[in-house]
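Here the structure comes first, spelled out in structure tokens, and everything after it is commentary.
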Amino acid sequence: SQEYLPTSSFTLNAKIMYKKTFASLHGVDAMVGFEQNEFKGHNFSGSRSNYLSTAIDQLFAGSSDKQYINNGGSAYDQARRSLFGRLAYDYAGKYLGQFTFRRDGSPNFPENKRFGFFPGFSLGWRISEEPFMKNLLFLDNLKIRGSYGKMGNDQVGAYQYLTTYSYGSNY
């Protein structure tokens, strides 16, 4: 029996970040990133049995009768690509807003529907920074925040969008 199993994996990550406060009141925080993963592999296997002699241990020397020959194999080629980012703003450390996004691509979907866009946003108010809250000794940081976002998932079987035939022992 012999088997051949070459595989490869490649990952690239890149991010750019920016953070600045203007006039001691306006805070801006931004980030944009990119990620790509690729996974490739294939295998091939073959076997023979019912050798006439043990002197030659190569596949070609086994029986040529089909009931003593077996082979198989498979392959995969997957890649994912993502662009993601965040833009946040705060005024005086009290009033907060943030927008986030992802644009993800997956091989589990057809080419014209491979990429999805997943935005999110949040608004916040740091009440503990208001003058009327400064005299409360037991409370030094209180924030109210609401957010909404859209998420995706590609954990489905690959190639379900292809029309295929399958066969078994009777058809």
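If the condition is being part of a strand (DSSP E or B) and open to solvent by 60 Å² or more (accessible area, probe 1.4 Å), then the range 5-18 contributes Thr7, Ser8, Ser9, Phe10, Thr11, Leu12, Asn13, Lys15, Ile16, Met17, Tyr18.
Here is a yes/no grid of residues against (1) under 30 Å from Leu25 (Cβ atoms); (2) of a type in the set (D, E, K, R); (3) part of a loop (DSSP other than H, G, I, E, B):
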position: Ala88; (1), (2), (3): yes, no, no
position: Leu139; (1), (2), (3): yes, no, yes
position: Ile144; (1), (2), (3): yes, no, no
position: Leu162; (1), (2), (3): no, no, yes
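Count of the range 98-126 residues, restricted to those that are open to solvent by less than 30 Å² (accessible area, probe 1.4 Å) and either touching a helix residue (DSSP H, G or I) at 6+ places or on another chain (Cβ under 6 Å) or assigned to a strand (DSSP E or B) (or both), is 5. Among the residues making up the range 134-145, those that are modelled with pLDDT under 85 and surrounded by 10 or more Cβ atoms within 10 Å (Cβ to Cβ) are Lys134, Leu136, Leu139.
So that you can scan it fast, the table gives a plain yes or no per residue for (1) of a type in the set (Phe, Trp, Tyr); (2) modelled with pLDDT of 90 or more; (3) assigned to a strand (DSSP E or B); (4) open to solvent by 90 Å² or more (accessible area, probe 1.4 Å):
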| site | (1), (2), (3), (4) |
| --- | --- |
| Glu3 | no, no, yes, yes |
| Lys20 | no, yes, yes, yes |
| Asp57 | no, no, no, yes |
| Asn71 | no, no, yes, yes |
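Candidates in the range 146-155 are the residues that are open to solvent by less than 80 Å² (accessible area, probe 1.4 Å) and not in a strand (DSSP E or B); of these, the one that is farthest from Gln78 (Cα to Cα) is Gly152.
Before we move on, is Gln160 farther than 18 Å from Phe84 by Cβ, open to solvent by 90 Å² or more (accessible area, probe 1.4 Å), under 34 Å from the mean Cα position of the chain (by Cα) and at pLDDT 85 or above? Spelling it out, it is not the case that Gln160 is farther than 18 Å from Phe84 by Cβ, open to solvent by 90 Å² or more (accessible area, probe 1.4 Å), under 34 Å from the mean Cα position of the chain (by Cα) and at pLDDT 85 or above. Identify, from the list Tyr76, Tyr51, Tyr95, Tyr89, the residue that is under 30 Å from Asn153 (Cβ atoms), over 22 Å from the mean Cα position of the chain (by Cα) and either open to solvent by 60 Å² or more (accessible area, probe 1.4 Å) or basic (Lys, Arg) (or both). From the options Tyr76, Tyr51, Tyr95, Tyr89, the qualifying one is Tyr89. Among the residues of the range 87-146, those that are of a type outside the set (Ser, Thr, Tyr) and touching a Pro at 6+ places or on another chain (Cβ under 9 Å) comprise Phe99, Phe101, Arg102, Arg114.
Quick one: is Phe117 modelled with pLDDT of 95 or more and either within 27 Å of the chain's Cα centre (by Cα) or at positive phi (or both)? Yes; evaluated as a whole, the condition is true for this residue. Taking residues in the range 27-54 that are farther than 27 Å from Gly72 by Cβ and touching a residue at least 40 places away in the same chain (Cβ under 8 Å), and partners anywhere that are surrounded by 15 or more Cβ atoms within 10 Å (Cβ to Cβ) and among the hydrophobic types (A, V, I, L, M, F, W, C), the pairs with Cβ atoms closer than 6 Å and at least 6 places apart or on different chains are Asp29/Ala88; Ala30/Leu87; Gly33/Phe84; Phe34/Leu83.
The values are calculated or read from the model by the stated rules, or taken from the named source; none is laboratory data. Just so it is clear, the structure is predicted and the values come from calculations on it, not from any experiment. Cβ coordinates were reconstructed from backbone atoms using ideal geometry, including for glycine residues, and neighbour counts include every protein chain displayed. What goes into the accessible areas is simple: the full protein's heavy atoms, side chains included, and nothing from ligands, DNA or RNA. Shrake-Rupley method; radii C 1.70, N 1.55, O 1.52, S 1.80 Å.
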